[in-house]
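The values are calculated or read from the model by the stated rules, or taken from the named source; none is laboratory data. All values reported here derive from a predicted model rather than from experimental measurement. Every residue, glycine among them, receives a Cβ derived from its backbone with ideal geometry; neighbour counts consider all protein chains shown. Ligands, DNA and RNA are stripped out before the accessible areas are found, and what is left, the full protein with its side chains, is counted by its heavy atoms. Shrake-Rupley method; radii C 1.70, N 1.55, O 1.52, S 1.80 Å.
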Amino acid sequence: MVKKILARTYLYMILFIMYLPILVLIAFAFSSNDVISFSGNYNFSFVLFENLFSNTKVAKQIWTAMGNTVIIAVISSLISLVLGTLGAIGTFYLSKRKKKAVEFATQIPIANAEIVIALSLTVMFVFLGTYIFKTKLFSFWTLLIGHVVLSIPFVYLNVKPKLTQMDPHIYEAALDLGATPNKALMKAVVPQIASGMFSGFLLAMTLSLDDYIVTEFTRGAGLLSGDAAIETLSTFIQTSLKKHAVPAELRPLTLFIFLFVLAAVLGLSIYRYHNDKKGVRKDV
Amino acid sequence: MKFKRKYLAIPYAIFLSLFVIIPIGLIIFYAFTDASGALSFDAAKNFFTNKGNWDVLLVSLFIALEATLLCLLIGFPIAYFLANKKYNKNAVLVMLFIMPMWINFVLRTTATRDILFAIGINGGNYPYLATLIGMVYNYLPFVILPLYTTMLKLDKSQIEACADLGANPTQVFFKSILPQSLPGIISAVTMTFVPVMSSYVISDALSEGNIALVGNFIYLNFANNQWNNGSFMAFVLLILVAISMFATKGEKEETRGGLW
């Protein structure tokens with residue numbers, strides 16, 4: 001019993017410390033103070049919320065960055081999902097040696113330092129731009145490639161175990177019953193590996209939403225930023241951090257992000273718990 | 001041409017070759033050439049003769065070691081308690097420990113900086129401490145997740161047998177729990193060590209630019225058009241990555257990202 005109390009205390013204490021910075025930041029979303037400080041008045045106010053939804057330059061910058069971040073995350077994760085799933089299915093039927101080669105290449109972006117991934121891509125884009133295409137390549141497309149490189153191995157690795165668990169005859173059975181290969185894949189194979197695809201997609205989204213280094217190195221003009229270099233939430237905040245001018249409007253935004261993530265996490269937990277109870281798809 | 005399932009791997013393989021293999025080849029090429037493109041060991045020489053570079057590498061190794069150890073020390077009991085039905089039956093609690101991963105990490109770093117600043121630890125007076133705290137904050141969930149996934153599979157009867165046969169709690173820990181958790185520990189180390197060494201944002205933001213890690217070094221060299229020097233440092237990192245890939249061979253697929 002004592003052990004249990006101690007364990008619980010430890011868990012909740014660490015949890016509290018882990019969330020303290022975010023919670024403090026959120027607490028100061030309701031203050032009109034420029035700087036977060038524990039001495040001095042708190043000055044309760046909704047002015048930061050008003051500012052975040054106003055037409056000021058900062059508010060526009062924040063929403064542009066937010067929009068770009070989401071657009072890039074969705075598109076790059078979808079590409080990773082399709083390419084990575086096809087890759088996992090195809091590789092599953094390759095000869096042992098070729099399979100090993102693909103798996104090795106898949107491990108590289110996972111183990112590699114992000115800055116090396118970013119640098120190597122940039123070096124290649126500059127190289128191609130200087131010697132072959134004779135024009136600057138950095139744009140939305142290079143950024144997209146960077147994000148797909150980051151996330152595609154995780155789709156592959158999440159789909160692969162589902163293929164191992166799948167009944168190997170299901171695809172042939174579908175073909176024998178007259179399905180085209182395309183249809184057999186979509187109707188017979190995909191449902192079997194859907195949970196792996198879903199986890200891979202979620203991880204891809206996470207990595208893309210979070211990314212700073214690859215974005216900073218590979219971005220060019222485009223998307224909501226127009227003719228300027230694409231700003232994502234990460235690059236926007238990092239630039240403001242450097243200038244020692246992190247907009248206070250980010251505090252209410254943090255509150256919204258926090259609530260959104262919390263809702264998503266709780267929703268998924270409940271969904272999973274529900275399915276576990278029904279005894280289906282324990283693997284999600 | 002008759003359709004075969006293995007053809008589906010072609011776009012994936014082409015993508016990886018074009019955007020993973022070839023770029024890394026280019027980095028190695030730049031690490032061992034000079035500005036004119038001729039074979040040269042100048043970048044290597046610059047790297048090994050300049051004391052500043054060694055300092056960057058040593059500080060990075062040191063902070064990576066400390067952050068990894070701290071994360072393991074804090075995260076190991078958490079993962080153990082979370083995975084043990086005796087202490088925790090709440091799946092949501094597990095998710096709460098992982099959840100910070102899904103909040104933008106630059107935003108989290110900003111929050112950490114704000115609070116450290118408010119209690120008087122800032123990049124000006126304690127750059128190393130501030131950076132270390134920032135690293136632990138950021139990487140703790142990445143340590144807890146693989147440890148937790150491994151600990152769910154702990155063989156409880158072995159642990160009990162150990163205790164029944166007269167092992168004291170310390171012995172049970174070192175002879176049964178720790179060896180069984182090794183895959184998770186290795187996975188956790190690979191998820192923190194190299195990323196901490198090569199991180200850019202956290203050290204930059206929390207030390208106010210006073211601490212340069214390998215990541216900052218590569219970034220700076222690149223920003224100043226010192227491609228060859230930057231590439232050589234990247235090459236050094238690649239060797240470390242290769243070592244860590246070799247050390248974790250065959251382990252990671254089960255323990256990495258296993259929650260979803």
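I need the helices of chain A that pass two filters: whole DSSP H segments spanning 15 Å or more by Cα along the axis, and mean Kyte-Doolittle score no lower than 0.5. Could you put the intermediate results ahead of the total?
Working: long enough: A:2-27 (35 Å, 1.75); A:57-92 (51 Å, 1.34); A:96-111 (22 Å, -0.50); A:114-131 (26 Å, 1.94); A:140-165 (38 Å, 0.94); A:190-210 (30 Å, 1.16); A:250-278 (41 Å, 0.79).
Helix filter hits for chain A: A:2-27, A:57-92, A:114-131, A:140-165, A:190-210, A:250-278.
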Please give the charge dipole size of region A:68-278, origin at the Cα centre, charges +1 on K and R Cβ atoms and -1 on D and E Cβ atoms. Round to the nearest 20 debye.
420
Using θ = phi - 60° and the Karplus curve 6.51 cos²θ - 1.76 cosθ + 1.60, what whole-Hz ³J(HN,Hα) does each residue of region B:153-166 get, with Gly and Pro shown as x?
9, 4, 7, 5, 5, 5, 4, 5, 4, 4, 5, 4, 7, x
Between the DSSP loop rule and a limit of at most 15 other Cβ atoms within 10 Å, which trypsin sites (Lys or Arg not before Pro) in region B:53-158 are left?
B:85, B:86, B:89, B:153
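Partner chain Cβ atoms within 10 Å, averaged over the residues of A:20-28 - can you pull that number for me? Kindly include the intermediate steps, with their values, before the conclusion.
On the way: counts 4, 15, 10, 2, 5, 7, 1, 0, 3.
So the per-residue partner count for this stretch is 5.
Only Cα pairs under 8 Å and at least 6 apart count here; give the relative contact order of chain A as a rounded whole percent.
Relative CO of chain A lands at 27 percent.
Within the accessible area of the protein assembly as shown, what % is carbon and sulfur when the probe is 1.4 Å and the other protein chains stay in place?
Working: 16940 of 25100 Å².
Within the protein assembly as shown, the accessible surface is 68 percent carbon and sulfur.
Computed FRET efficiency, Cβ-Cβ of residue B:22 and residue A:274, R0 51 Å: what is it to the nearest 0.05?
Details: r = 46 Å, r/R0 = 0.90.
Efficiency, rounded to the nearest 0.05: 0.65.
At 0.36 nm per residue, and after removing the present C-alpha to C-alpha distance, how many nm does the segment from residue A:187 to residue A:53 gain when stretched out fully?
On the way: separation 134, 0.36 × 134 = 48.24 nm, distance 4.53 nm.
So the chain would gain 43.7 nm between residue A:187 and residue A:53.
What range in chain A is the longest one free of trypsin sites (Lys or Arg not before Pro) that are in a loop by DSSP and have at most 16 other Cβ atoms within 10 angstrom?
Details: sites that count: A:134, A:136, A:243, A:281, A:282.
Value returned for the longest uninterrupted segment is A:1-133.
Mean residue ellipticity at 222 nm from the helices of the protein assembly as shown, using -39,500 (n - 2.57) per DSSP H segment of n ≥ 4 over the full residue count, to the nearest 500 deg cm²/dmol?
Theoretical 222 nm ellipticity from helices: -23000 deg cm²/dmol.
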Span from the region B:63-122 Cα centroid across to the region A:113-134 one, whole angstrom:
35
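Roughly how many Å² is the accessible area per residue of chain A, as a whole number, for a 1.4 Å probe? All intermediate terms of the calculation are to be shown ahead of the outcome.
Numbers: 13730 Å² over 284 residues.
That works out to 48 Å² per residue.
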Order by accessible surface, 1.4 Å probe, largest leading, for residues B:204, A:227 comes to A:227, B:204
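Using protein heavy atoms only (no ligands, DNA or RNA), what is the total accessible area buried between A and B, 1.4 Å probe, nearest 100 Å²? Don't skip to the end; give the middle numbers.
Working: alone 17780 and 15530 Å², together 25100 Å².
When A and B are taken together, about 8200 Å² of accessible area is lost.
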Where does the charge balance sit around residue B:216 when Lys and Arg score +1, Asp and Glu -1, over other residues with C-beta under 14 Å from its C-beta?
-4
Roughly how tilted is helix B:227-247, in degrees to the nearest 10 and between 0 and 90, from the longest Cα axis of chain B?
30
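Which net charge results when you count Lys and Arg as +1 and Asp and Glu as -1 among the other residues whose beta-carbon is under 12 Å from that of residue A:232? Walk me through the numbers on the way to the answer.
Values: positive: A:219; negative: A:210, A:211, A:216, A:231.
Summing Lys/Arg as +1 and Asp/Glu as -1 gives -3.
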If you find the alpha carbon centre of region A:12-57 and of region B:159-221, how far apart are they in angstrom?
32
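How do A:172, A:249 rank by accessible surface area computed with a 1.4 Å probe, from largest to smallest?
On the way: A:172 75, A:249 25 Å².
Ranking A:172, A:249 by accessible area, largest first, yields A:172, A:249.
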For residue A:139, the residues 5 or more places away or on another chain with a placed amide H closer than 5 Å to its own amide H are A:220
Residues with beta-carbon under 10 Å from that of residue A:49, excluding residue A:49: net charge, scoring Lys, Arg +1 and Asp, Glu -1?
-1
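Over chain B, average the accessible area per residue using a 1.4 Å probe and give it in Å², no decimals. The partial results should precede the final answer.
Working: 11370 Å² over 260 residues.
Solvent-accessible surface per residue comes out at 44 Å².
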